[in-house]
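Working notes for the structure below.
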Amino acid sequence: MTPILDTKLPNVGTTIFTVMSALATEHQAVNLGQGFPDFGCDPALIDAVSDAMREGLNQYPSMLGVLELRQAIAQKIHTLYQKTYDPNTEITVTAGATQAIINAILAVVRAGDEVIVLEPCYDSYIPNIELAGGTVVRVPLTPGSFRPDFDRISAAVTPRTRAMLINSPHNPSATVWSDADMLRLQEILAPTQVLLISDEVYEHMVYAPLVHRSAASYPGLAERAFIISSFGKTYHVTGWKVAYCAAPPSLTAEFRKVHQFNVFTVNTPVQHGLARFMANTEPYMGLPAFYARKRDLFRAGLERTAFKLLPSEGSYFQCARIDELKVAEKNLSESDFCQWLTREVGVAAIPLSAFYADGFDQRVVRFCFAKKDETLNLALERLARL
């Protein structure tokens with residue numbers, strides 16, 4: 001008989017993304033729920049990886065990541081954010097941003113340590129903290145605007161606070177932190193020993209006139225921060241699961257201790273291919289314009305419905321209020337509405353309540369517009385009845 005286990009994650013079940021994607025498939029709905037593109041990447045990137053394979057670059061690379069890729073990452077960060085990281089002691093290539101985040105948490109959080117999380121948040125943050133034995137301290141972003149409430153953040157910092165997670169551009173709300181926001185956070189953390197984990201995977205999807213404010217650009221934050229970004233989001237290859245973490249040498253040393261015994265290293269030819277592809281800056285420098293056009297197309301269609309659109313400042317998400325929809329008269333929760341929308345209208349979305357530990361429902365759903373134009377137009381045709 002299989003021994004009985006006491007689960008380490010009693011509150012974790014099937015994610016809403018799995019549920020909604022399965023429902024979308026069952027009802028042949030347009031899936032605007034899960035956040036991934038339905039179009040291909042640049043063929044030049046495929047060629048770069050294929051060339052690396054044919055050149056025999058198929059064995060274990062350095063645990064730190066291929067040197068050429070770490071050098072390219074360091075150059076990009078320096079150019080964009082005026083911060084110099086040493087490729088040998090401060091940059092590590094990881095198996096996706098999710099792995100980088102849990103690496104950072106496991107490296108620094110000990111049993112009983114408090115970790116501040118701003119809700120709504122990406123679904124891996126809280127389980128990662130719990131696996132490390134930490135105590136999750138939830139601070140809500142301001143309902144409706146999703147702006148950081150610095151009075152509440154400051155009040156949440158205690159002598160037991162070990163780390164704080166931030167995410168800008170923000171998933172799921174598509175908001176972007178301002179220069180003033182980053183300076184205020186730097187001020188709050190300055191007298192403390194609190195570490196910062198800055199999830200910046202959507203860094204290249206910030207729409208004019210706004211710009212991305214990386215923690216790397218703020219000395220008081222950079223000196224205490226694990227800064228994490230993702231090639232999957234930037235280059236439309238989410239299934240490749242390659243990302244990186246930039247952090248000061250002492251933090252990187254602890255990060256790599258976990259990384260070494262977690263995945264050890266990352267796919268060799270993909271790393272070489274990415275390093276070569278990064279020589280051309282246009283794919284990521286041109287990304288805001290690429291996604292802004294898709295955002296604007298999608299928003300124009302939704303504005304002909306009774307959805308009330310929230311700002312989409314960054315990322316490839318669009319949030320919308322459902323209060324004024326006729327179906328709202330049925331008092332459906334966000335989750336029930338998304339299931340109704342998938343079954344009856346043929347478009348899948350994600351309830352924002354899924355990003356709160358307590359299921360906080362504020363009548364808002366999230367769509368992903370990282371799709372082909374024909375996919376977005378088909379979804380808008382179906383949503384027009386609303």
Kindly establish whether E203 is assigned to a helix (DSSP H, G or I), of a type in the set (D, E) and either outside the structural domain of V364 (by TED's automatic domain parsing) or crowded, with 16+ Cβ neighbours inside 10 Å (or both). no
Suppose we keep only residues that are surrounded by fewer than 22 Cβ atoms within 10 Å (Cβ to Cβ), in contact (Cβ under 8 Å) with a residue 40 or more places away in the chain and not hydrophobic (A, V, I, L, M, F, W, C) within the range 314-328. Which one would you say is farthest from W177 (Cα to Cα)? K326
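Please specify each residue of the range 169-211 satisfying the condition of being of a type in the set (A, V, I, L, M) and closer than 17 Å to C319 by Cα. Spell out the reasoning first.
So in the range 169-211, the residues of a type in the set (A, V, I, L, M) come out as 174, 176, 180, 182-183, 185, 188-190, 194-197, 201, 205-206, 208, 210-211.
Scanning the range 169-211 gives A174, V176, M205, V206.
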Just wondering, is there one or more residues in the range 341-353 that are in contact (Cβ under 8 Å) with a residue 60 or more places away in the chain and part of a loop (DSSP other than H, G, I, E, B)? yes
When you look at T265, is it closer than 30 Å to A384 by Cα, in a loop (DSSP other than H, G, I, E, B) and in contact (Cβ under 8 Å) with a residue 24 or more places away in the chain, yes or no? no
Residues that are in contact with a helix residue (DSSP H, G or I) (Cβ under 6 Å, 6 or more places away or on another chain) and either modelled with pLDDT under 95 or assigned to a helix (DSSP H, G or I) (or both), drawn from the range 33-75: G33, Q34, F36, D38, L45, A48, V49, A52, M53, E68, L69, A72
Exactly one condition in (1) assigned to a helix (DSSP H, G or I); (2) touching a Lys or Arg at 6+ places or on another chain (Cβ under 6 Å); (3) not polar (S, T, N, Q) is false for R276; which is it? (2)
Count, please, the residues in the range 313-345 that happen to be touching a Ser or Thr at 6+ places or on another chain (Cβ under 9 Å), modelled with pLDDT of 95 or more and of a type in the set (S, T, N, Q). 2
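Have a look at Y284, Y291 and point out the one that is in contact with a His (Cβ under 8 Å, 6 or more places away or on another chain), assigned to a helix (DSSP H, G or I) and either free of Cβ contacts under 8 Å to residues at least 12 places away in the same chain or not acidic (D, E) (or both).
On the way: Y291 fails: in contact with a His (Cβ under 8 Å, 6 or more places away or on another chain).
Exactly one of Y284, Y291 is in contact with a His (Cβ under 8 Å, 6 or more places away or on another chain), assigned to a helix (DSSP H, G or I) and either free of Cβ contacts under 8 Å to residues at least 12 places away in the same chain or not acidic (D, E) (or both), namely Y284.
Whether any residue in the range 224-232 is in a loop (DSSP other than H, G, I, E, B) and not assigned by TED's automatic domain parsing to the domain that holds C319 is what I want to check. Break it down into steps so the answer makes sense when it comes.
Let us first name the residues in the range 224-232 that are in a loop (DSSP other than H, G, I, E, B), namely 224.
So of that shortlist, the ones also not assigned by TED's automatic domain parsing to the domain that holds C319 come out as 224.
The answer is yes; a qualifying residue exists.
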Pick from the range 329-386, criterion closer than 18 Å to D38 by Cα and in contact with a Pro (Cβ under 6 Å, 6 or more places away or on another chain), ranking: surrounded by the fewest Cβ atoms within 10 Å (Cβ to Cβ): A370
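Out of the residues in the range 76-134 that are among the acidic types (D, E) and part of a loop (DSSP other than H, G, I, E, B), state the one that is farthest from S145 (Cα to Cα).
The qualifying residue farthest from S145 (Cα to Cα) is D86.
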Name the pairs: first residue in the range 32-50 and β-branched (V, I, T), second residue in a helix (DSSP H, G or I), Cβ to Cβ under 6 Å, at least 6 apart or on different chains? V49/P269; V49/V270; V49/G273
Within the range 359-386, residues being out of contact with any helix residue (DSSP H, G or I) (no Cβ under 8 Å at 6 or more places or on another chain) and either without any contact (Cβ under 8 Å) to a residue 24 or more places away in the chain or basic (K, R) (or both) number 3
Sole residue being in contact with a Phe, Trp or Tyr (Cβ under 6 Å, 6 or more places away or on another chain) and either without any contact (Cβ under 8 Å) to a residue 40 or more places away in the chain or closer than 24 Å to F355 by Cβ (or both), chosen from L165, L196: L165
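Step by step: first the residues of the range 82-102, then only those that are in contact with a strand residue (DSSP E or B) (Cβ under 9 Å, 6 or more places away or on another chain) and of a type outside the set (V, I, T), then the one that is farthest from H259 (Cα to Cα). Which residue is that? Outline the logic, then answer.
Keep residues of the range 82-102 that are in contact with a strand residue (DSSP E or B) (Cβ under 9 Å, 6 or more places away or on another chain), which gives 83, 85, 90-101.
Next, from what is left, pick out any that are of a type outside the set (V, I, T): 83, 85, 90, 95-97, 99-100.
Working: K83: 24, Y85: 19, E90: 14, A95: 9, G96: 12, A97: 12, Q99: 8, A100: 8 Å.
Within the range 82-102, the match that is farthest from H259 (Cα to Cα) is K83.
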What number goes with the only condition from (1) more than 24 Å from Y316 (Cα to Cα); (2) part of a strand (DSSP E or B) that I166 does not pass? (1)
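Condition first: of a type in the set (K, R), farther than 17 Å from A163 by Cβ and over 19 Å from the mean Cα position of the chain (by Cα). Can you find one or more residues in the range 240-260 that meet it? It would help to see each step written out before you state the result.
Filtering the range 240-260 down to residues of a type in the set (K, R) leaves 241, 256-257.
With the extra rule that they be farther than 17 Å from A163 by Cβ, the set shrinks to 241, 256.
So of that shortlist, the ones also over 19 Å from the mean Cα position of the chain (by Cα) come out as 256.
Looking for residues that are of a type in the set (K, R), farther than 17 Å from A163 by Cβ and over 19 Å from the mean Cα position of the chain (by Cα), one finds at least one in the range 240-260, hence yes.
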Failed condition for M20, given (1) within 30 Å of M205 (Cα to Cα); (2) of a type outside the set (V, I, T); (3) touching an Asp or Glu at 6+ places or on another chain (Cβ under 7 Å), with all others met? (3)
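The values are calculated or read from the model by the stated rules, or taken from the named source; none is laboratory data. No experiment lies behind these values; they were computed from the predicted model shown. Every residue, glycine among them, receives a Cβ derived from its backbone with ideal geometry; neighbour counts consider all protein chains shown.
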